[in-house]
Structures are given as structure tokens and as C-alpha cells.
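S.K.: Okay, here's the structure, questions in a sec.
None of the figures in this text is laboratory data; all of them are computed from the coordinates on show. As the structure is a prediction and not an experimental result, all values here were calculated from the model. Here the Cβ positions follow ideal geometry from the backbone for every residue, glycine too, while neighbour counts run over all protein chains shown.
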Amino acid sequence: MDADTILADITQMLGQVIGEDYLLEVDVTMDTAFSGDLELESIEFVALAGLMKEHYGAAVDFVGFLAGKDLHEIIALRVGQVVDHIRLCLEAVGSRG
């Protein structure tokens, strides 16, 4: 799966979490910051993680990805970092199968 497809998936999930109307005001790109640009709260991160698990399955461990980061890294997290993590996880699963 390529980065553009994953970005579109994440954007759609963000619409479910923070509302489609909010996304009309923000152009979600690889450089969009979850905290600074989207103003995601921790409960919304949890909801996003749940949607990603539902969509991608166990192959993408978003909670584990976040657990490996310190607070400052999580606050500065950008959509592109998550897209890259998902792509790498899916590639790893594909190379095993």
C-alpha cells in the first residue's frame, strides 16, 4: 500500500474522530501535526488508534509505536510519521507472506 492511499485512509479516520466539518478547515498532509494543526486530544488519539486497528488489523501497532516515543515526540507527531509507520508495518507483513 502506498503513502497516498494510507494518507487518504488516515484523513478519513480523522474525519470520523474530529468531524468532517473540522477537516474542511485543515488540509491534511504528511506535514500536518496532530497536536498543533489538528489539536487532537488524548482521547481522540485513542479513538484514532482504535480505527487504525480496525482498518489495518494487528499488523499495525499504533499503541506500541507511541509507547516508544517520549512526550515531546508525541506532541510533535506528524501525520507523515504515522503514514510511514503504517507503510513499513504493512510492507513487513507482505514480505513475510
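S.K.: I want to confirm something. Restricting to region 70-87 and keeping residues that are farther than 17 Å from LEU40 by Cα and not acidic (Asp, Glu), which single residue is surrounded by the most Cβ atoms within 10 Å (Cβ to Cβ)?
M.R.: Looking at residues that are farther than 17 Å from LEU40 by Cα and not acidic (Asp, Glu), I get ILE86.
S.K.: Which of (1) in a loop (DSSP other than H, G, I, E, B); (2) out of contact with any Leu (no Cβ under 7 Å at 6 or more places or on another chain) does ILE10 not meet, given it meets every other one?
M.R.: Unmet for ILE10, out of (1) in a loop (DSSP other than H, G, I, E, B); (2) out of contact with any Leu (no Cβ under 7 Å at 6 or more places or on another chain): (1).
S.K.: Follow-up question, since we're still on this one. Could you pull out the residue among LYS69, LYS53 that is at negative phi, basic (Lys, Arg) and within 11 Å of the chain's Cα centre (by Cα)?
M.R.: Within the list LYS69, LYS53, the selection yields LYS53.
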